[in-house]
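One structure is given here, and the rest of the page talks about it.
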Amino acid sequence: MSNTEKFSVTDSAAKRVAFLMLQEENPNDVFLRIEVQGGGCSGFQYNYDFDTIRKDDDLFIEKSGAKVAIDSTSLPFVEGSALDYVETLGSAAFEIKNPNATANCGCG
């Protein structure tokens with residue numbers, strides 16, 4: 001299975017990640033790390049943070065200047081998903097489009 005089949009990054013998300021990377025102190029060394037953590041409405045939540053240290057077991061994706069890493073513990077929870085960046089009239093945020101999710105937060 002290729003990296004893009006395991007997890008993908010949309011064009012919109014790649015553009016936003018690349019822009020945010022340029023705002024960091026060492027833009028050439030930094031990448032966006034996605035981690036799945038316990039908590040949240042359905043028992044899991046996604047954590048997005050910039051990092052500079054790659055782990056041997058990271059899935060690492062580069063697209064249009066963006067760099068994204070997911071650790072091997074988190075990968076099974078997002079396998080087959082895509083990172084997207086969605087802008088609406090009142091907000092803008094990264095979203096994981098996860099076809100395996102069985103529930104969403106309904107707490108508004």
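The values are calculated or read from the model by the stated rules, or taken from the named source; none is laboratory data. What you are looking at is a predicted structure, and each value in this text was computed from that prediction instead of being measured. Cβ coordinates were reconstructed from backbone atoms using ideal geometry, including for glycine residues, and neighbour counts include every protein chain displayed. Surface areas here come from the heavy atoms of the whole protein model, side chains and all, with no ligands, DNA or RNA. Shrake-Rupley method; radii C 1.70, N 1.55, O 1.52, S 1.80 Å.
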Subset tally (residues that are open to solvent by 70 Å² or more (accessible area, probe 1.4 Å) and among the β-branched types (Val, Ile, Thr)) for segment 77-102: 2
Subset tally (residues that are within 8 Å of Phe50 (Cβ to Cβ) and buried (at least 19 other Cβ atoms within 10 Å of the Cβ)) for segment 13-34: 4
Verdict on Ile53 being exposed (fewer than 15 other Cβ atoms within 10 Å of the Cβ) and of a type in the set (A, V, I, L, M): yes
Residue within segment 58-76 that is of a type in the set (Phe, Trp, Tyr), open to solvent by 70 Å² or more (accessible area, probe 1.4 Å) and within 21 Å of Lys97 (Cα to Cα) present: no
